[in-house]
Amino acid sequence: MDSTRLAYSGRAPAHTEMGARAARSGAWFYTETVLRAMRAYFWPILLYSVGQPLLYMVALGVGLGELVDSGSGPVDGVDYLVFVAPALLVSTVVMSASAEMTYPVMAGFKWHRLYHGPAASPVSPGQIAVGHLVAVMIRFAVQAAIFWLIMLAFGAAPSGWSWLVVPIGVLTATAFAAPLQAYASTLKDEGFQFALIQRFVVMPMFLFAGTFFPLSAMPVYLHWIGWISPIWHGTQLARLASYGAEVGVLMVIVHLVFLLACTLLGVRWAVRSYTRRLTS
C-alpha cells in the first residue's frame with residue numbers, strides 16, 4: 001500500500017515509527033521505489049528481455065553455429081550454440097547493467113535529483129546506493145531467467161544444473177555494476193566518460209573475454225583482458241553450470257572470489273561516495 005492510501009485509511013503509524021522503519025529498512029524502501037518507477041517501462045523492458053536473447057541465439061548461435069560446427073567441429077567438446085549461449089547470457093546482463101549504472105546514477109544526483117528527496121528522510125545515502133543496486137539486479141535476474149528459458153527452448157543448456165546460469169549472470173553483472181555505480185557517483189558532469197567506458201571497457205570485455213571463442217585461442221598478450229574481466233570469470237562458471245565445461249575446483253574458487261571481491265569493494269566505494277555527495 002502506498003503512503004497516500006495508507007494515510008487515507010486512517011491506519012498510518014506514528015511519524016516516529018515510520019522514521020524508524022525507514023532508518024531500519026531504507027535500502028528495501030528505495031529498491032521498491034526504483035522498481036515501481038520501472039513499471040512505466042514494463043513493455044519495452046519485456047520486449048528487450050525477450051527479443052535480444054532470441055536474436056542472439058538465432059544469429060550468433062544457430063546461424064554462426066552452423067558454420068562453425070560444419071567447419072571446425074565442436075568447440076570445447078560441444079556444439080557452438082551450447083558453447084556460446086551461457087557466455088551470451090552473462091555478457092547481455094553485464095552490458096545491460098552497465099547502462100543502468102551510468103546515466104541513471106548521474107540523473108539521481110544532477111538532472112532528476114531523485115536521490116536528494118530520500119536523503120532528506122531517515123533513509124541514509126548508503127541505503128539509497130544499495131537500494132538502487134538491488135533494484136537493478138532484481139530486474140536483471142528476471143532478464144537472465146528469460147534468457148535461460150530461451151536457451152532451454154533452443155536446446156542450448158543440456159546440464160541439469162543449467163539454472164545456475166541465472167544467479168551466476170546476476171553475480172557477474174553486480175561485480176561490474178557496483179564499481180561502475182560508485183565511479184558514476186563521483187562524476188558531477190557527464191563529459192565523455194560514459195561513452196569511453198562503453199567503448200574501451202564494456203566492448204573489449206564482450207569481444208575479447210572468451211565470449212565467442214576460448215580465451216586460449218587468443219594471443220597470450222591479450223589474455224589479461226579476460227583475467228581482469230568479470231565477463232570471463234562469470235562465463236567460465238556459466239559454462240560449467242550449463243554443459244559441464246572443464247573448470248577445476250581451484251579455478252571455480254578463483255572466479256567466485258574475483259566476482260565477490262569486485263562486488264563488495266564496489267558496494268563499499270558506492271556507499272562512501274553517495275554519503276559524501278548527499279551529506280555535503
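All of the numbers you see were taken from the coordinates with simple rules; none came from a lab. Every value quoted in this text rests on a predicted model; they were computed, and no experiment measured them. All Cβ positions, even for glycine, are placed from backbone atoms using ideal geometry, and neighbour counts span all protein chains on display.
Worth a mention:
- Residue of V267, V134, V254 that the Gaussian network model of the chain assigns the largest fluctuation, springs spanning Cα pairs under 10 Å: V254
- Calculated diffusion of the chain, Stokes-Einstein form, Kirkwood radius summed over Cα pairs, 20 °C and 1.002 mPa s, µm²/s: 107
- Shape box of the range 76-167 [Cα atoms, principal axes, largest first, Å]: 56, 21, 20
- Counting neighbouring beta carbons within 10 Å and listing from fewest to most, the residues H223, H255, H116 come out as H116, H223, H255.
- Neighbour net charge for S242 - beta-carbon separation under 14 angstrom, K R +1, D E -1: -2
- Environment charge at V134 (Cβ cut-off 13 Å; Lys +1, Arg +1, Asp -1, Glu -1): -1
- Scanning the chain for chymotrypsin sites (Phe, Trp or Tyr not before Pro) lying in DSSP loops with no more than 13 further Cβ atoms inside 10 Å, the longest uninterrupted stretch between such sites is 1-160.
- Cα-based Rg / Dmax (Å) for the range 198-280: 15.6, 51
- Screening the chain for DSSP H helices whose Cα atoms reach 27 Å or more along their own axis and whose mean Kyte hydropathy is at least 1.0 gives 80-100, 125-153, 165-185, 249-279.
- Pairs of alpha carbons in the range 140-220 separated by more than 22 Å make up 45% of all such pairs.
- Residues of the chain were split at every exposed loop site, defined as GluC sites (Glu not before Pro) in a DSSP loop with at most 16 other C-beta atoms within 10 angstrom, and the longest piece left, sites excluded, is 1-189.
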